[in-house]
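The values are calculated or read from the model by the stated rules, or taken from the named source; none is laboratory data. Note that the structure is predicted; figures quoted are calculated from it, not measured. Here the Cβ is made from the backbone with ideal geometry for all residues, glycine too, and neighbour counts use every protein chain on show.
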Amino acid sequence: MNEDPEVQKLLADVVLYKVDAEKDAGVDLAKEHHVSGYPTFLMVNDELKPIDRWMGYTKPYLGTKMGRALSDLSTIEEKELSFGAKPTADMAVRLADYNGAAGDYAMAVTYYRKAEKLDPATPQGAEIFDATYSGYRKDVFTQDDVLQAAETALQRTDAGGTLDVCERMAFLGKQTEDKHLQAKFLRAAIDRTADATDAEIVKRRESMMPDYALYVENDGAKAVKLKRASMPEGWMEDAGQLNSYAWWAFESGVDTKGALALARKGADLAAPGKEKAMILDTAAELCNALNDCHEAVALTKQAMAEDPESEYYKKQLDRFQDLLATQK
């Protein structure tokens, strides 16, 4: 990262100390600073007291975060005292962002709400939703909390923000097997961006159309057609893309026979080892969906041979063998 000339310029005013959070002393250091995602950037002073922190990396994002952090080198503790003495919306957002990056999502939401009260003209709905959604995944907030935050965020956001919220809420509906929730936010995404002209927004919108056809229009055949059309050029000769389509079809309960044929083709194209094992597992799931547990067992044994250290495939084998036993 620091070999890029533009990034080097951004880092000119700091000392970059890279830590591998999964090795040696880095493990304890990550625990001490509550690092749960990578990359995490933690800016500290010469006494190692935190000044700011953020997660994620693109050059524009790094530039924005670095610039803001360098504009106020007081520690987080000092920032909290400053906010207590003279609350401002800007400081509330700084503290909210810091707490969110540190995994304290409840405190992040608290500060974002304070920022909104101090500056009602600048909505924090998207940020509140993001922190609430992340907190829900850590059992800090309920699904109702997330739903309320999503609906509030959608009241004052642009097309990109709309898709950000709706994509995650549709995924939440999928995870919780709540088809009503999934359909609700797929519909909101498509309806609210119908007039979009920005190329990236149009692309993201189109990527949601297969699921829209499936869960809103209840048209599986249309969903399959749209999904196949949305796949990148050359996908029929790419093992990873074949597996991607086959897994989508399996999860969606459509085109099972066609997806199985493509998964088998993907397995033939895949490099030996973990990649081949993963696609064989997809094929096994599709066979099981077609009530062919015998073939599911055979394919899982092949997956185990490709990736013998995987505990997952051993559990899959037990599962399919149990299902096969009930069919005899």
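Would you confirm, using the coordinates I've provided, whether Ala69 is in a helix (DSSP H, G or I) and hydrophobic (A, V, I, L, M, F, W, C)?
yes
Taken together, Leu269, Leu242, Leu290 contain a single residue that is touching a Gly at 6+ places or on another chain (Cβ under 7 Å) and either farther than 20 Å from Lys315 by Cβ or surrounded by fewer than 23 Cβ atoms within 10 Å (Cβ to Cβ) (or both), which is Leu242. Pairing each residue of segment 1-22 that is in contact (Cβ under 8 Å) with a residue 24 or more places away in the chain and under 13 Å from Met66 (Cβ atoms) with any residue that is among the β-branched types (Val, Ile, Thr) and surrounded by 10 or more Cβ atoms within 10 Å (Cβ to Cβ), provided the two are 6+ apart or on different chains, yields C-beta distances under 6 Å for Met1/Val7. In the set (1) part of a helix (DSSP H, G or I); (2) without any contact (Cβ under 8 Å) to a residue 40 or more places away in the chain, Arg94 fails one condition alone, (2). Against the condition part of a helix (DSSP H, G or I), without any contact (Cβ under 8 Å) to a residue 60 or more places away in the chain and surrounded by 20 or more Cβ atoms within 10 Å (Cβ to Cβ), how does Gln148 come out, does it pass? No. Scanning segment 288-304 turns up no residue that is among the acidic types (Asp, Glu), in contact (Cβ under 8 Å) with a residue 12 or more places away in the chain and part of a helix (DSSP H, G or I). Residue pairs whose Cβ atoms lie under 6 Å apart, separated by 6 or more positions or on different chains, with the first residue in segment 210-223 and at pLDDT 95 or above and of a type in the set (Val, Ile, Thr) and the second assigned to a helix (DSSP H, G or I) and crowded, with 16+ Cβ neighbours inside 10 Å, are Val216/Ala183; Val216/Leu186; Val216/Arg187. For segment 57-101, filtered to residues that are in contact with a Pro (Cβ under 7 Å, 6 or more places away or on another chain) and not polar (S, T, N, Q), the residue that is surrounded by the most Cβ atoms within 10 Å (Cβ to Cβ) is Ile76. Of the candidates Leu226, Leu269, Leu286, the single residue that is modelled with pLDDT of 95 or more, among the hydrophobic types (A, V, I, L, M, F, W, C) and either in contact with a Cys (Cβ under 6 Å, 6 or more places away or on another chain) or not assigned by TED's automatic domain parsing to the domain that holds Met304 (or both) is Leu226. On inspection, Pro50 fails the criterion of being within 25 Å of the chain's Cα centre (by Cα) and free of Cβ contacts under 8 Å to residues at least 60 places away in the same chain.
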